[in-house]
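Worksheet: one structure, shown below.
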């Protein structure tokens, strides 16, 4: 029985990676939930928006590195992030002007906008591959670890090591800042309140003198910032690949729905629920369990419920369970 | 369906679509010019209005509705008479094909509803007239959205008028009772300091006791000097407080007069007031 070592193993392989992944999903789900709440459709192009923002940020990072500028121990991509956000903003506003605006003025049924967003998704898919290609790109630089496994072992004298990567810490910190800013904006500022009013009752918002075009514009800008940040953090933590970002759509939607669509707080909770479910279900628990059980009872198998290849099945399963038993999500969102 | 884009083809999947609170089609194009019209007598008048929704058939036929300074004007009539439609026409929410709308000596027929709000018209729709997910105070703040000055004293006035709202200022408006919601709705419209207030069936769906209270409040608002134009289902009570009343039938003016005159008119009594 060795609780401390068991906990360290758990923290190393489940808690820390789960927190980072959860924060990335939460940021992605916040963007989805904002579009759902204010523009009233599920934006299937969100994953590819994240890919686009990340691709532009990678280009910016490379340019900065070519100029010899780095961010010290932190990844240079963080310096290039504002640039990526700005370009993604332009892309989204351009898309809105060229595509969504037409349907909005026609008061198109939301399901039509969903299909339209799917078309946009394919176009963005192509654009991203044109810009940066289809390969895996690793663009994290700077200091790799905050705590290394060996350093941890030497400092504590434990058998197991705990490694915390810089990108994981950055992910959680940046996500917290972004969330705090978003909540402050939505609940305290005039523009933020007008966005909530527009989401609640479009006609009455109009009669109160709220300019719908401005609300839509600000929404896209915030979504661009959230999507790019989420994409860059995910890319720093793992690596960038256009197809992976497209696949992220499922856990992100699952997170938004599990938390309650249209509810920002729910999106964050949903992100962590989905992340931790994926990580715990696909983790091989043998080492944790063998520390907890007497030596002669140590398990032979890996104690892995599901291969990591099936991690998307976890999002699907949670999505279905939530839709069956709690259609409004964990937090009170729109009834699905 | 006239607009193929609004055909959801039976899709009701809320996990991808969110129809809640979606706006209706409203004339949203740029406002036209405001011209001076020196010949008007009333403060707000919709003169000989003919029109209907979108490209649909005409609902109003040469309908005239006016309200004078400091007065309460009510529109009554049977179901489907076009009462609410007449109100919406005055507010610019449907196409007025002929006739004009004058506010304080200006022809505002070409203005969009939003610009009419800026001009000083306050409108309380019949349904979905509050932001249900926002607190009472936020509802009032949104009412004052077009104001850039300090609106705290206006908010204090609204709280004086509707003390229950002050008590529930931090509660979500959607959690309030029917009568309290109507008070929020009227309060929201008052936040712009409107020059005229238009109420579309403010007592719809509230109990008789609450209805009496609401009527008292409306009279109080009128006493502060704001002219009120209102559509009412409860014809008798509405006519009792009305300075001017219009009975509409099938989109046409059927009877016009002071509230007392119409209450005394045998034909009005027989057809609308049940004897």
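Where a number appears in this text, it was derived from the coordinates with a stated rule and is not lab data. Just so it is clear, the model here is predicted, and its values are computed rather than measured. Cβ sites come from the backbone with ideal geometry, for glycine too, and all protein chains shown count toward neighbours.
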**Prompt:** For the protein assembly as shown, what proportion of DSSP beta bridges, expressed in % and rounded to the nearest 5, is antiparallel?
**Reply:** 65 percent
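Cβ neighbours within 10 Å, averaged per peptide: list B:162-172, A:64-74 in order, most packed at the top. Before the final figure, lay out the partial values.
Numbers: B:162-172: 15.5, A:64-74: 12.0.
Packing proxy ranking, top to bottom: B:162-172, A:64-74.
For the stretch A:121-238, rounded, prolate or oblate, judged on the Cα gyration tensor with a ≥ b ≥ c (square roots of eigenvalues), a/c < 1.5 rounded, else prolate if a/b > b/c? Don't jump to the answer; show the numbers that get you there.
Details: a/c = 4.72, a/b = 1.83, b/c = 2.58.
Note, shape of the stretch A:121-238 comes out oblate.
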**Complete:** Applying the gyration tensor rule to the Cα atoms of the stretch A:2-65 (axes a ≥ b ≥ c; rounded if a/c under 1.5, else prolate if a/b exceeds b/c, else oblate), the class is oblate
**Asked** In degrees from 0 to 90, rounded to the nearest 10, what is the angle of the helix A:212-237 Cα long axis to the longest principal axis of chain A?
**Response** 20 degrees
**Prompt:** Under a point spin-label approximation (7 Å from Cα along Cα-to-Cβ), what is the residue B:24-residue A:321 distance to one decimal in nm?
**Reply:** 4.4 nm
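Between residue B:13 and residue B:193, what's the calculated FRET efficiency when r is the beta-carbon distance and R0 is 35 Å? Round to 0.05.
Working: r = 44 Å, r/R0 = 1.25.
My answer for the efficiency is 0.20.
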**Request:** Kindly put A:283, A:310, B:53 in sequence by how many other C-beta atoms sit within 10 Å of each C-beta, fewest to most.
**Result:** A:310, B:53, A:283
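How well do other chains shield peptide B:134-142, expressed as the mean number of their Cβ atoms within 10 Å of each residue Cβ?
4
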**Complete:** When B:75, A:177 are ranked with the fewest other C-beta atoms within 10 Å first, the list becomes A:177, B:75
**Fill in**
Helix A:166-188 sits off the longest principal axis of the Cα atoms of chain A, rounded to the nearest 10 on a 0 to 90 degree scale, by 30 degrees
**Complete:** Reduced to Cα centres, the span from the stretch B:215-238 to the stretch A:117-147 in Å works out to 62 Å
**Prompt:** Any idea what log10 I(q)/I(0) is at q = 0.07, 0.10, 0.11, 0.13 Å⁻¹ for the protein assembly as shown, Debye with uniform C-alpha scatterers and no solvent?
**Reply:** -0.55, -0.92, -1.04, -1.29
**Message:** Can you show me the helix-derived [θ] at 222 nm for the protein assembly as shown, built from DSSP H runs with n ≥ 4 at -39,500 (n - 2.57) apiece and divided by the number of residues, rounded to the nearest 500.
**Reply:** -16000 deg cm²/dmol
**Request:** Could you work out how far apart the two model spin labels at residue A:332 and residue A:107 are, taking each label as a point 7 Å from the Cα in the direction of the beta carbon, and quote it in nm?
**Result:** 2.9 nm
**Request:** Return P(r) of the stretch B:1-148 (all Cα-Cα pairs; 5 Å bins starting at 0; whole %; ordered from short to long distances).
**Result:** 2, 8, 15, 18, 18, 16, 12, 7, 3, 1, 0, 0
**Prompt:** Hey, got the average number of other protein chain Cβ atoms within 10 angstrom for residues in A:37-45?
**Reply:** 3
**Fill in**
Using alpha carbon centers only, the stretch A:1-76 is separated from the stretch A:207-266 by a whole-angstrom value of 11 Å
**Request:** With only alpha-carbon atoms counted, please give the Rg and Dmax of the stretch A:1-129, in Å.
**Result:** 19.3, 67
**Message:** If the elastic network links every pair of Cα atoms under 10 Å, which of A:159, A:149, A:178 fluctuates the most in the Gaussian network model of chain A?
**Reply:** A:159
**Request:** Return the FRET efficiency for the residue pair residue A:243, residue B:146: r is the Cβ-Cβ distance, R0 is 45 Å, and the value is rounded to the nearest 0.05.
**Result:** 0.40
**Item:** Added length on full extension, which subtracts the Cα-Cα distance from 0.36 nm per residue, residue B:153 to residue B:55
**Value:** 30.9 nm
**Prompt:** So for the stretch A:20-249, what are the equivalent ellipsoid semi-axes in whole Å, largest first, each being the square root of 5 times an eigenvalue of the Cα gyration tensor?
**Reply:** 35, 20, 15
**Request:** Could you check which residue among A:235, A:209, A:133 shows the biggest mean-square fluctuation in a GNM of chain A with a 10 Å Cα cutoff?
**Result:** A:209
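How would B:243, A:300 line up from fewest to most surrounding beta-carbon atoms within 10 angstrom? Working shown, then result.
Numbers: B:243 17, A:300 6.
Going from least to most buried by this count: A:300, B:243.
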**Listed residues A:82, A:294, A:264, most fluctuating in chain A (Gaussian network, C-alpha, under 10 Å)** = A:294
**Request:** Could you tell me how many degrees, from 0 to 90 and to the nearest 10, lie between the Cα long axis of helix A:16-34 and the main elongation axis, the longest principal axis, of the Cα atoms of chain A?
**Result:** 10 degrees
**Request:** Post the alpha-carbon centroid distance, the stretch B:166-206 to the stretch A:285-333, in whole angstrom.
**Result:** 49 Å
**Asked** Once fully extended, how much extra length lies between residue A:118 and residue A:71, figured as 0.36 nm per residue of separation less the alpha-carbon to alpha-carbon distance?
**Response** 13.2 nm
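Can you tell me the order of A:151-158, A:210-217, A:27-34, B:217-224 when each peptide is scored by its average per-residue count of other Cβ atoms within 10 angstrom, highest first?
Details: A:151-158: 13.4, A:210-217: 16.9, A:27-34: 29.8, B:217-224: 15.4.
Highest-to-lowest ranking by the protection proxy: A:27-34, A:210-217, B:217-224, A:151-158.
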**Item:** Distance (nanometres) between label positions extended 7 Å along Cα→Cβ at residue A:295 and residue B:164
**Value:** 7.5 nm
**Asked** In peptide B:252-259, what is the residue-averaged number of other protein chain Cβ atoms found within 10 Å of each Cβ?
**Response** 0
**Fill in**
Looks like chain B, by Cα gyration tensor root eigenvalues a ≥ b ≥ c and the a/c under 1.5 rounded cutoff (else prolate when a/b is bigger than b/c, oblate otherwise), is rounded
